[in-house]
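Reading through the structure tokens given below for one structure.
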Amino acid sequence: MKIGIKRINRVTVTATVTLTAGAVLAGSAFASTAHAATPPTPKIVAKGGFVMNNGTGKTLFTKSADTRRATGSTTKIMTALVVLSQKNVNLKS
């Protein structure tokens, strides 16, 4: 019994399309039932902090923001020195 090339190609294409369609439908069924879990609110253990949206200027979080404290890192100081030593720096953007 001879099976022609056209028949083999037709069977292969039909099987591929059927399997792909099944995989897509099965995947979308599981995706529609998935819900993103809300992460828990973090516990802030620092003595103080300040978070601001730089684009809008809106304060997002404060904790003892007006209390004077020691600088947290030498890297921050060096970054500020490098930035402020540059000519024509636009600090408002």
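Worth pointing out:
- Residues that are modelled with pLDDT under 70 and polar (S, T, N, Q), drawn from the stretch 9-38: 28, 32, 33
- Residues that are among the hydroxyl-bearing types (Ser, Thr, Tyr), surrounded by 10 or more Cβ atoms within 10 Å (Cβ to Cβ) and either in contact (Cβ under 8 Å) with a residue 12 or more places away in the chain or closer than 17 Å to residue 91 by Cα (or both) within the stretch 50-80 comprise 62, 64, 79, listed in sequence order.
- Checklist (1) at pLDDT below 85; (2) assigned to a helix (DSSP H, G or I) applied to residue 79, failing item: (1)
The values are calculated or read from the model by the stated rules, or taken from the named source; none is laboratory data. If you're wondering where the values come from, they're calculated on a predicted model, not measured in any experiment. Neighbour counts are summed over all protein chains in view; Cβ atoms, including those assigned to glycine, are modelled from backbone coordinates with ideal geometry.
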